1. The list (i) 6, 26, 32, 23, 10, 3, 0, 0; (ii) 5, 26, 36, 24, 8, 1, 0; (iii) 5, 22, 31, 27, 12, 3, 0 gives values of P(r) over Cα pairs in 10 Å bins from 0, in percent, and only one came from this structure; which label was calculated from it?
2. Compute the long axis of helix 117-128 from its Cα atoms, compare it with the longest principal axis of the Cα atoms of the chain, and write down the angle in degrees, 0 to 90, nearest 10.
3. Counting only Cα atoms, I'd like the Rg/Rh figure for segment 134-303, Kirkwood definition for Rh.
4. Would you please classify the overall shape of segment 90-148 from the alpha carbon gyration tensor, given that a ≥ b ≥ c denote the square roots of the eigenvalues, rounded means a/c under 1.5, and beyond that prolate means a/b larger than b/c while oblate covers the rest?
5. What is the order of 69, 233, 58, fewest Cβ neighbours within 10 Å to most?
6. Over the chain, what is the relative contact order in whole percent, taking alpha-carbon pairs under 8 Å and six or more residues apart?
7. Treat the count of other C-beta atoms within 10 Å as a stand-in for reagent exposure and order 13, 59, 51 from fewest to most.
8. Given the options 114, 314, 46, which has the most mean-square fluctuation in a GNM of the chain, springs set between C-alpha atoms less than 10 angstrom apart?
C-alpha cells in the first residue's frame, strides 16, 4: 500500500491577545508554533482591552506568519490548507486573523478551514498524545470558558456542562486582582497556593443541583472578596498565600468531582484537560490523584499548548481537512460561537 501523502496546514489564531501562527504536519507534528503575546501591553489595565488587542494583531500578524513559515522550512506552495479561528473570541481580534487567512487562501488557491477555538484547545491533546482517540471526557477550562465535553469523535461533541456565570480562569483573574496580584492572575494564584494552607479558609463549593455538570464560580469569588473586606475592617492581616491556596482548592474540588462523575456516567475510561487553567499545577495534581484512585487515564497538553496557540488550530483542522470540509469566502467572525455549532460549508 502506498504511503499516505503528508498534510501540511498553516494555522492562524487571534481570538484574544495572542497573535499566533503555526505549521502542523498530519495533525500531530508541530513544525513551528510562533506566539506573540500581548500580556505586558494589557497588564497595566488588569485585563485585555479589545481595541488595543485588535490593533496589535494587525501589527504582528504578517511577521508572525512569515516566522512560522521560515521556522517550518516550507514554502507557501507546500501548504495544503489554511486554518483559522473564527470564534468564539473578541470580534475585532478574530477579524484580523480571519482576513489574513482568507487573503492567503485566496492568493494561494488553498482550502480555507474555519476552526472553533474550544475545539482547538481539545485538539491540542492530539499533538503530544498521538495515540489519543475519541471517545473521552474533556474538561475545558480557560479565562473565557468552562466546559465539560463528551468528545464522541473528531469534530463531534456533546456539551455536558458549562459555566452559568464566571469561567474558572475569569474567577482566578478576579480573585488575583482583589489580592493585588498582577495580570494574568491564574499563574500567580497557582504559585502562591504552593506556599499556603489550603484548609486555612473554608470557601464554598458550588455543585448546583444533583446530576448537573454545569459550573458556577461567582459565589466563591464573592466569598473571597468578603473575606478580604472583613480582614480589612477588623484590621487583620490578609494571608495571601492561604487565601490563594484555599480558593484554588475549592475551585479544583468542583472541577475534578464533576469531571470524574461525567466520565463514570458516560462509562468512559479516558479524561482529558484543555485550556489555560489546565496548566494549573494544583488542578493537574488533584485530577491525577483522583484518576489513579478511580482507574481513569488522564491526558493534558504541555504548558505551551494549554494557552492560546495556533498549533492546536492546525491539529483540529487536520481532521476537518481529511473529511473534505472547507469554508467559503463568506466565512465571518462569530464571537459567541457555540461548540458543535455548524455553519454552511463547501466541499
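Readers should treat all values here as calculations from the given coordinates under stated rules, not as data from a laboratory. Just so it is clear, the structure is predicted and the values come from calculations on it, not from any experiment. So basically every Cβ, Gly included, is an ideal-geometry build from the backbone, and we count neighbours across all protein chains shown.
1. Recomputing P(r) over Cα pairs in 10 Å bins from 0, in percent here picks out (i).
2. For helix 117-128, the angle is close to 80 degrees.
3. On the Cα set of segment 134-303, Rg over Rh gives 0.99.
4. Oblate shape, in that a/c is at least 1.5 and b/c is the bigger or equal ratio.
5. Taking fewest neighbouring Cβ atoms as first place, the list is 233, 58, 69.
6. Normalised by residue count, the contact order of the chain is 24 percent.
7. 51, 59, 13
8. Highest fluctuation among the options: 46.
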